[in-house]
Amino acid sequence: MPSTAAKKSPRVPVRSGRPAPELVFGDLWTFDPAPETADPKLKPRYDLFIDGAFVAPKSGRYFDSINPGNEQKLAEIALAGREDVDAAFAAAQRAFDSTWRRLPGRERGKYLFRIARLLQDRAREFAVAETLDGGKPIKEARDFDVPMAAAHFFYHAGWADKLEYVAPGRRLEPLGVVGQVIPWNFPLLMLAWKLAPALAAGNTVVLKPAETTSITCLKLAEILQDAELPPGVVNFVAGAGETGAALVGHPTPAKIAFTGSTEVGKHIQRSLAGTGKKLTLELGGKAANIVFDDAPLDQAVEGIVNGIFFNQGHVCCAGSRLLVHEPVADAVLAKLKQRIRVLSVGDPMDKNTDIGAINSAAQLHRIGELVASGRKEGAEMYQPPCRLPAKGFYFRPTVFSGVSMSHRIAREEIFGPVLSVLTFRTVEEAVEKANNTAYGLSAGVWTDKGSRILKLSTELKAGVVWANTYNKFDPTSPFGGYKESGFGREGGRQGMLEYGQLA
Amino acid sequence: MSRLPITKTPKPYVGGAFIRSESGRTFPVRDASGAFYANVPQCTRKDLRNAVEAAAKAGPGWARRTAYNRGQILYRLGEMVEARRDELVGMLVRFGESRTAAAREVETAADRLVYYAGWADKYEQVLGNVNPVASPHFNFTVTEPMGVVGVIAPDVPALLGLISLVAPVIVSGNTVVALASERLPYAAILLGEMLATSDLPGGVVNLLTGFRAELVPTFATHAHLRGLSAAVGAAERKALQLGAAESVKRVHFAAPESPAAWLADDAQSAYAIREFLEFKTTWHPVGA
């Protein structure tokens with residue numbers, strides 16, 4: 001919303017000293033429902049996508065995918081077993097040997113451009129499917145996930161015939177078949193982050209979507225067919241941990257790329273020890289969002305809200321630890337509480353919804369458990385008095401103040417709409433607290449002072465630093481962590497390098 | 001009457017000082033003829049932990065040095081190696097290398113230091129960049145050192161292998177704890193003496209002598225080692241990777257096919273520096 005604060009009319013006297021009175025909305029000013037009604041064109045049943053065709057799983061087993069917004073069944077998804085994973089890797093290896101590696105980069109790129117365009121054509125349909133399947137607000141799926149996924153295909157398409165520029169002095173050659181496992185928080189976008197650079201570099205792929213969010217992945221298979229991508233270049237196997245273990249442990253892939261929890265990432269790193277396979281990991285985070293007393297506080301509060309409540313906080317780089325400079329701590333907390341009282345929580349399909357549904361019952365339980373620990377350990381909790389839908393998985397935006405570094409809510413990744421507020425006095429203390437975590441994915445800095453931004457962006461041990469902004473992403477911008485947040489980067493020239501070997 | 005030479009007590013260079021193992025243990029090394037040469041400290045896991053502590057302490061100061069300064073210090077180390085060329089060649093010959101091969105190894109080692117010295121203020125321009133994001137933000141990706149990196153040198157070539165692994169790691173501001181060749185630890189003893197006179201701050205490079213079998217497990221699992229650069233065989237690779245997973249440690253195996261391959265120009269590259277860099281991307285809005 002454009003700010004009107006700068007346009008001061010000469011007839012309106014400027015208030016001096018007194019803060020503007022808070023607008024009282026109560027429940028008098030509720031929004032009318034604004035449901036998104038486009039048809040997501042879901043099939044009642046999704047099969048695996050192997051060797052260019054939809055195939056039933058060898059076991060004949062299917063599992064339900066539900067809408068976390070109302071707990072209704074959306075579709076049933078084929079469960080890939082070991083034999084299906086074998087078939088997918090065999091198809092990927094055949095495609096690599098017979099077509100994809102022989103194809104000039106220019107032609108590979110054109111397939112990726114086609115995929116980007118076809119996804120743009122069906123953006124609205126995919127956004128609705130993404131929201132139904134994952135629970136994120138439709139405005140986010142529509143304005144962020146789907147267009148950004150298309151942008152990733154478009155960006156990487158252009159790399160396919162320019163690989164000699166990725167690593168000056170060396171040539172980038174494909175690795176072969178790549179196995180990829182992606183999470184449920186940004187199903188389509190994570191798929192694009194993984195697929196696009198792998199294909200551009202000349203690899204073929206077997207990918208597993210998360211078990212709660214397989215639908216847009218398998219819908220994308222329709223686009224791959226429409227784009228006439230050669231069979232076997234991309235294969236999708238759906239399922240849960242067992243399918244993932246079969247994929248990661250398979251002898252065929254030359255590389256595994258995983259996005260998910262640090263716990264599973266470590267397990268994968270162990271399981272690949274001694275195999276000579278390449279590995280990239282994009283794991284958890286516990287980002288510090290640091291607000292100094294000279295920051296533009298209203299903008300900072302918007303950034304804090306976006307940082308922790310974007311996608312219900314199901315974001316590995318979420319700004320889940322707010323570090324506020326003591327002189328403005330009370331003011332920031334007051335503004336923050338006021339701001340989250342007007343967040344609209346509820347039906348993900350409503351275009352006005354700010355916070356949608358928690359992705360699964362299991363995740364809702366985990367959030368609840370960690371929030372309970374925060375209360376038990378003595379932090380002060382604030383939740384706005386909003387009404388939640390009767391059916392579906394929902395959690396109120398939650399702010400804990402009086403949090404100390406030893407609290408679980410300050411150390412563990414909650415992956416939900418829960419913010420822990422800590423304070424600091426000096427720059428050194430802010431840096432020390434921010435870095436005092438095993439994670440190192442992202443960080444935020446809010447200050448008006450340029451030299452301080454540059455100092456902090458140097459000293460914060462995090463792969464992405466947002467200064468006076470938060471949760472910004474772009475295909476050209478490398479993303480990935482320090483320390484136990486994983487290794488390797490996705491996006492940009494640095495990301496391309498992860499999908500090839502230097503010759 | 002012939003003069004009795006004064007023999008040197010070999011001591012590895014750790015934290016800017018020449019140490020004995022905290023355990024007091026040593027192991028004898030023999031020259032190519034099988035004659036006793038000296039007793040070398042058999043460093044322990046505790047020595048390794050102490051060295052990591054020294055490296056961690058030296059890290060921030062070293063990383064804050066300007067790239068130009070780091071380049072000059074690496075160049076100075078090259079000068080030190082060149083100045084002691086004859087002594088180094090003599091040492092390698094005594095332990096079994098031919099004079100020609102020894103001379104090539106030492107000269108390549110000095111050249112390699114000069115090669116990486118020259119990269120100090122350039123790799124950033126090759127590996128980092130500004131990213132044209134589709135929003136009103138200035139977005140740039142720069143590299144940063146990882147922190148403390150463990151190095152496990154090859155047995156052969158003892159000197160060139162160690163220098164080839166250490167130089168690309170420290171040029172970017174990392175600090176190192178390195179395990180010397182088990183077969184020829186004396187190369188690392190001499191290198192330590194050159195490090196001590198090269199303007200390199202104490203603790204930036206810490207050299208341990210001892211047995212791989214004893215120290216590999218601690219290299220693998222020490223949580224303050226953020227990366228490992230090792231020239232080791234299959235079994236040790238697996239052990240290092242298994243341990244590394246405990247703290248999501250970066251592991252890179254630098255392994256030219258043969259001892260001779262370490263001499264080649266393609267055994268050195270900006271991408272060897274890249275293995276122990278983190279990439280940091282910073283966003284800032286553009287506007288009034």
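Details
- Considering residues of the stretch A:490-503 that are open to solvent by 10 Å² or more (accessible area, probe 1.4 Å) and facing another protein chain (nearest Cβ under 7 Å) only, the residue farthest from A:Arg171 (Cα to Cα): A:Arg493
- Meets criteria (closer than 24 Å to A:Phe63 by Cα and part of a helix (DSSP H, G or I)) for A:Asp133: yes
- Only one entry of A:Phe63, A:Phe154 meets the criterion of being over 23 Å from A:Glu36 (Cα atoms), of a type in the set (A, V, I, L, M, F, W, C), assigned to a strand (DSSP E or B) and touching a residue at least 60 places away in the same chain (Cβ under 8 Å), and that entry is A:Phe63.
- Helices (runs of 4 or more DSSP H) fully within the stretch B:92-193 counting 2 or more residues that are within 17 Å of B:Trp262 (Cα to Cα): B:99-119, B:158-170
- Residues satisfying the stated conditions in the stretch A:467-479, i.e. within 7 Å of chain B (Cβ to nearest Cβ), in contact (Cβ under 8 Å) with a residue 12 or more places away in the chain and assigned to a loop (DSSP other than H, G, I, E, B): A:Asn468, A:Thr469, A:Asp474, A:Thr476, A:Ser477, A:Pro478
- Every residue from the stretch B:254-275 that is hydrophobic (A, V, I, L, M, F, W, C) and facing chain A (nearest Cβ under 9 Å): B:Ala270
- Test result for A:Ala300, assigned to a loop (DSSP other than H, G, I, E, B), touching a residue at least 12 places away in the same chain (Cβ under 8 Å) and either open to solvent by less than 40 Å² (accessible area, probe 1.4 Å) or touching a Cys at 6+ places or on another chain (Cβ under 8 Å) (or both): no
One line per residue, one yes/no per condition, for (1) away from every other protein chain (no Cβ under 11 Å); (2) within 30 Å of A:Tyr470 (Cβ to Cβ); (3) without any contact (Cβ under 8 Å) to a residue 40 or more places away in the chain:
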residue	(1), (2), (3)
B:Ser198	yes, no, no
B:Phe211	yes, no, no
B:Thr221	yes, no, yes
B:Glu236	no, no, no
B:His252	no, no, yes
B:Pro285	no, yes, no
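The values are calculated or read from the model by the stated rules, or taken from the named source; none is laboratory data. Remember, it's a predicted structure, so these values are computed and weren't measured experimentally. With ideal geometry, Cβ positions are generated from the backbone for all residues, glycine too; neighbour counts draw on all protein chains shown. Note: areas computed on protein heavy atoms with side chains; ligands, DNA, RNA excluded. Shrake-Rupley method; radii C 1.70, N 1.55, O 1.52, S 1.80 Å.
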